[in-house]
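The values are calculated or read from the model by the stated rules, or taken from the named source; none is laboratory data. In this text the structure is predicted, and so the values were computed from the model without any measurement. Cβ coordinates were reconstructed from backbone atoms using ideal geometry, including for glycine residues, and neighbour counts include every protein chain displayed. Note: accessible area is taken over every heavy atom of the protein model, side chains too, but ligands, DNA and RNA are not part of it. Shrake-Rupley method; radii C 1.70, N 1.55, O 1.52, S 1.80 Å.
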Amino acid sequence: MKYALLGYETEGSLDAEDKRALHRAHRALHDEVQAAASTSVRVIAHYRFRPARGATTVRRSDGEIVRTKGSSSETTEALRAFYLVESDDSDAVLDLATSLPAVRMGGTVEVWPLIEP
């Protein structure tokens, strides 16, 4: 089964050095999971998101398509990382989610089981 792991962190809570450390931690975790033959989780892809101000929201309003700069959600946390993983062991996926840098730095990770098309 495939899963999407969505990492959130508090917008503006990290200084430049913390952001660099976070990027290194994501890369190291990705490399570690890929190199470990004993893990039952395979990371298919990992991406970091740019700040929410760079996003564009597209929606239909009164029959018209409206494009708005920024994220459609107004929360204290911003979506900052996306992992696509595959595993037959949901507990192993949750263990991976627990080890993501977002969690260690006080953020949140959502684990979403995906439906294959």
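Taking the criterion of being open to solvent by less than 60 Å² (accessible area, probe 1.4 Å) and either within 11 Å of residue 41 (Cα to Cα) or in a loop (DSSP other than H, G, I, E, B) (or both), the residues of the stretch 72-85 that qualify are 84, 85. Pairs, please: C-beta under 6 Å, at least 6 apart or cross-chain, first residue at pLDDT 85 or above and in the stretch 70-93, second part of a loop (DSSP other than H, G, I, E, B) and of a type in the set (Val, Ile, Thr)? As it stands, the answer is 85/41; 87/41; 92/41; 93/41, since those pairs meet every condition given. Screening residue 102 against (1) surrounded by 11 or more Cβ atoms within 10 Å (Cβ to Cβ); (2) in a strand (DSSP E or B) leaves a single unmet condition, (2).
Residue count for the stretch 42-54 under the criterion of being open to solvent by less than 100 Å² (accessible area, probe 1.4 Å) and closer than 19 Å to residue 24 by Cα: the result is 7.
Is it true that residue 59 is modelled with pLDDT under 90 and either over 18 Å from the mean Cα position of the chain (by Cα) or basic (Lys, Arg) (or both)?
Numbers: modelled with pLDDT under 90: no; either over 18 Å from the mean Cα position of the chain (by Cα) or basic (Lys, Arg) (or both): yes.
It is false that residue 59 is modelled with pLDDT under 90 and either over 18 Å from the mean Cα position of the chain (by Cα) or basic (Lys, Arg) (or both).
In this structure, does residue 81 turn out to be of a type outside the set (Lys, Arg) and more than 20 Å from residue 55 (Cα to Cα)? Before you say what the answer is, go through the steps one by one.
On the way: of a type outside the set (Lys, Arg): yes; more than 20 Å from residue 55 (Cα to Cα): no.
The answer is no for residue 81.
Select from the stretch 55-70 the residues that are in contact with a helix residue (DSSP H, G or I) (Cβ under 8 Å, 6 or more places away or on another chain) and open to solvent by less than 60 Å² (accessible area, probe 1.4 Å) and list them in ascending order.
Looking only at the stretch 55-70, we keep the residues that are in contact with a helix residue (DSSP H, G or I) (Cβ under 8 Å, 6 or more places away or on another chain), and these are 69-70.
The answer is 70, and nothing else.
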